[in-house]
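Written out below as C-alpha coordinates is the structure these notes cover.
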Amino acid sequence: LERLLDLLDYDGDIDLDVEAGRAVVSIDGGDDLEKLVGNRGQVLEALQELTRLAVQQETGTRSRLMLDIAGWRAGRREELRELGRSTAETVLSTGERVRLQPMSPFERKVVHDAVAAVDGVHSESEGEEPKRRVVVIPDDED
(Lines give C-alpha, C1' and ligand atoms only; values in the text may rest on other atoms or scores of the structure.)
Protein backbone atom coordinates (compact mmCIF):
# COMPACT_ATOMS: atom_id res chain seq x y z
CA LEU A 1 0.00 0.00 0.00
CA GLU A 2 2.90 2.34 0.71
CA ARG A 3 4.34 1.59 -2.73
CA LEU A 4 0.93 2.24 -4.32
CA LEU A 5 0.70 5.64 -2.63
CA ASP A 6 4.25 6.42 -3.77
CA LEU A 7 3.53 5.34 -7.36
CA LEU A 8 0.42 7.51 -7.46
CA ASP A 9 2.21 10.35 -5.65
CA TYR A 10 -0.61 10.48 -3.06
CA ASP A 11 -0.06 11.61 0.49
CA GLY A 12 -1.42 9.36 3.19
CA ASP A 13 -0.59 7.87 6.56
CA ILE A 14 -1.03 4.13 6.98
CA ASP A 15 -2.18 2.85 10.37
CA LEU A 16 -2.53 -0.78 11.40
CA ASP A 17 -4.86 -1.89 14.19
CA VAL A 18 -6.59 -5.07 15.30
CA GLU A 19 -10.34 -5.19 15.98
CA ALA A 20 -11.99 -8.43 17.13
CA GLY A 21 -8.99 -10.42 15.95
CA ARG A 22 -9.07 -8.85 12.48
CA ALA A 23 -6.34 -6.62 11.07
CA VAL A 24 -7.63 -3.19 10.09
CA VAL A 25 -5.47 -1.07 7.80
CA SER A 26 -6.41 2.61 7.53
CA ILE A 27 -5.06 5.17 5.11
CA ASP A 28 -5.79 8.79 6.04
CA GLY A 29 -4.55 12.29 5.45
CA GLY A 30 -4.22 12.92 1.72
CA ASP A 31 -6.49 15.01 -0.48
CA ASP A 32 -6.41 12.48 -3.33
CA LEU A 33 -7.46 9.50 -1.23
CA GLU A 34 -11.13 9.77 -2.22
CA LYS A 35 -10.09 8.53 -5.67
CA LEU A 36 -8.96 5.28 -4.01
CA VAL A 37 -12.45 4.80 -2.57
CA GLY A 38 -14.32 5.13 -5.85
CA ASN A 39 -18.05 5.06 -6.49
CA ARG A 40 -19.80 3.35 -3.54
CA GLY A 41 -16.44 2.00 -2.37
CA GLN A 42 -15.81 -0.14 -5.46
CA VAL A 43 -12.14 0.83 -5.80
CA LEU A 44 -11.68 0.37 -2.04
CA GLU A 45 -13.15 -3.15 -2.23
CA ALA A 46 -10.80 -4.03 -5.11
CA LEU A 47 -7.77 -2.63 -3.25
CA GLN A 48 -8.77 -4.57 -0.14
CA GLU A 49 -8.93 -7.80 -2.14
CA LEU A 50 -5.56 -7.11 -3.78
CA THR A 51 -4.06 -6.38 -0.36
CA ARG A 52 -5.48 -9.64 1.02
CA LEU A 53 -3.98 -11.52 -1.94
CA ALA A 54 -0.59 -9.87 -1.39
CA VAL A 55 -0.65 -10.86 2.29
CA GLN A 56 -1.66 -14.41 1.34
CA GLN A 57 1.16 -14.65 -1.18
CA GLU A 58 3.67 -13.44 1.42
CA THR A 59 2.42 -15.52 4.37
CA GLY A 60 0.70 -18.49 2.75
CA THR A 61 -2.40 -17.79 4.86
CA ARG A 62 -5.68 -16.22 3.73
CA SER A 63 -6.12 -12.82 5.37
CA ARG A 64 -9.37 -11.29 6.60
CA LEU A 65 -7.87 -7.81 6.83
CA MET A 66 -10.14 -4.82 6.34
CA LEU A 67 -8.96 -1.75 4.49
CA ASP A 68 -10.38 1.71 5.13
CA ILE A 69 -9.40 4.77 3.15
CA ALA A 70 -10.16 8.35 4.19
CA GLY A 71 -12.59 7.06 6.83
CA TRP A 72 -15.03 5.90 4.16
CA ARG A 73 -15.88 2.56 5.79
CA ALA A 74 -16.38 4.17 9.18
CA GLY A 75 -18.81 6.70 7.73
CA ARG A 76 -20.54 4.10 5.61
CA ARG A 77 -20.91 1.84 8.64
CA GLU A 78 -22.91 4.57 10.43
CA GLU A 79 -25.15 5.11 7.39
CA LEU A 80 -25.80 1.37 7.15
CA ARG A 81 -26.58 1.03 10.87
CA GLU A 82 -29.18 3.76 10.49
CA LEU A 83 -30.56 2.11 7.34
CA GLY A 84 -30.88 -1.23 9.15
CA ARG A 85 -32.53 0.33 12.18
CA SER A 86 -34.97 2.47 10.22
CA THR A 87 -35.86 -0.40 7.87
CA ALA A 88 -36.51 -2.67 10.86
CA GLU A 89 -38.80 -0.01 12.34
CA THR A 90 -40.67 0.28 9.03
CA VAL A 91 -41.12 -3.49 8.83
CA LEU A 92 -42.40 -3.52 12.42
CA SER A 93 -44.96 -0.82 11.69
CA THR A 94 -46.17 -2.16 8.31
CA GLY A 95 -45.80 -5.88 8.94
CA GLU A 96 -44.37 -6.30 5.42
CA ARG A 97 -40.92 -7.43 4.41
CA VAL A 98 -38.53 -4.96 2.79
CA ARG A 99 -35.83 -5.80 0.24
CA LEU A 100 -32.87 -3.43 0.25
CA GLN A 101 -30.58 -2.57 -2.64
CA PRO A 102 -27.72 -4.97 -3.47
CA MET A 103 -24.75 -4.54 -1.15
CA SER A 104 -21.22 -5.80 -0.60
CA PRO A 105 -20.61 -8.44 2.09
CA PHE A 106 -19.27 -5.71 4.43
CA GLU A 107 -22.41 -3.63 3.96
CA ARG A 108 -24.77 -6.58 4.43
CA LYS A 109 -23.08 -7.59 7.69
CA VAL A 110 -23.49 -4.11 9.15
CA VAL A 111 -27.19 -4.06 8.18
CA HIS A 112 -27.78 -7.58 9.55
CA ASP A 113 -26.19 -6.57 12.87
CA ALA A 114 -28.36 -3.43 13.09
CA VAL A 115 -31.55 -5.37 12.32
CA ALA A 116 -30.64 -8.04 14.90
CA ALA A 117 -30.72 -5.35 17.60
CA VAL A 118 -34.45 -4.71 16.94
CA ASP A 119 -36.96 -7.10 18.48
CA GLY A 120 -39.74 -8.44 16.25
CA VAL A 121 -37.81 -8.59 12.98
CA HIS A 122 -34.97 -10.54 11.43
CA SER A 123 -32.96 -10.33 8.24
CA GLU A 124 -31.73 -12.70 5.57
CA SER A 125 -29.61 -12.32 2.47
CA GLU A 126 -30.94 -13.34 -0.93
CA GLY A 127 -29.62 -13.41 -4.46
CA GLU A 128 -26.20 -14.00 -5.92
CA GLU A 129 -23.18 -11.71 -5.94
CA PRO A 130 -22.95 -8.96 -7.04
CA LYS A 131 -26.72 -8.48 -6.62
CA ARG A 132 -26.97 -10.09 -3.18
CA ARG A 133 -29.22 -8.05 -0.88
CA VAL A 134 -30.63 -7.92 2.63
CA VAL A 135 -34.31 -8.66 3.21
CA VAL A 136 -35.84 -7.51 6.51
CA ILE A 137 -38.73 -9.74 7.62
CA PRO A 138 -41.24 -9.48 10.47
CA ASP A 139 -40.80 -12.37 12.96
CA ASP A 140 -44.47 -13.34 12.72
CA GLU A 141 -44.33 -13.88 8.93
CA ASP A 142 -44.48 -17.56 7.97
With the 1.4 Å probe rolled over protein heavy atoms, the chain has an accessible area per residue in Å² of 63
The stretch 69-130, relative contact order in percent, only Cα pairs under 8 angstrom and at least six apart counted: 38
Could you state the angle between the C-alpha long axis of helix 105-116 and the longest principal axis of the C-alpha atoms of the chain, as a value from 0 to 90 degrees rounded to the nearest 10? 40
GluC sites (Glu not before Pro), restricted to the stretch 77-142: which are DSSP loop and have at most 13 other Cβ atoms within 10 Å? GLU96, GLU128, GLU141
What does DSSP give for the stretch 1-111 in terms of the percent of beta bridges that are antiparallel, rounded to the nearest 5? 65
Would you please classify the overall shape of the stretch 75-138 from the alpha carbon gyration tensor, given that a ≥ b ≥ c denote the square roots of the eigenvalues, rounded means a/c under 1.5, and beyond that prolate means a/b larger than b/c while oblate covers the rest? oblate
From the C-alpha gyration tensor of the chain, square roots of 5λ in Å: 34, 16, 13
Separation between Cα centres of the stretch 9-39 and the stretch 111-142, rounded to whole Å: 30
Expected output is a single nm value to one decimal: the length gained when fully extending between GLU58 and VAL24, i.e. 0.36 nm times separation in residues minus the C-alpha distance. What is it? 10.5 nm
Pick from THR51, THR90, THR61: which residue has the top mean-square fluctuation in a GNM of the chain where Cα pairs under 10 Å get a spring? THR61
Over the stretch 1-70, what percent of the accessible surface lies on carbon and sulfur atoms, probe 1.4 Å? 46
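The values are calculated or read from the model by the stated rules, or taken from the named source; none is laboratory data. Predicted, not measured: the structure shown is a model, and the values here were computed from it. We place every Cβ from the backbone using ideal geometry, glycine too, and count neighbours over all the protein chains shown. Please note that ligands, DNA and RNA were not included when accessible areas were found on the heavy atoms of the full protein model with its side chains. Shrake-Rupley method; radii C 1.70, N 1.55, O 1.52, S 1.80 Å.
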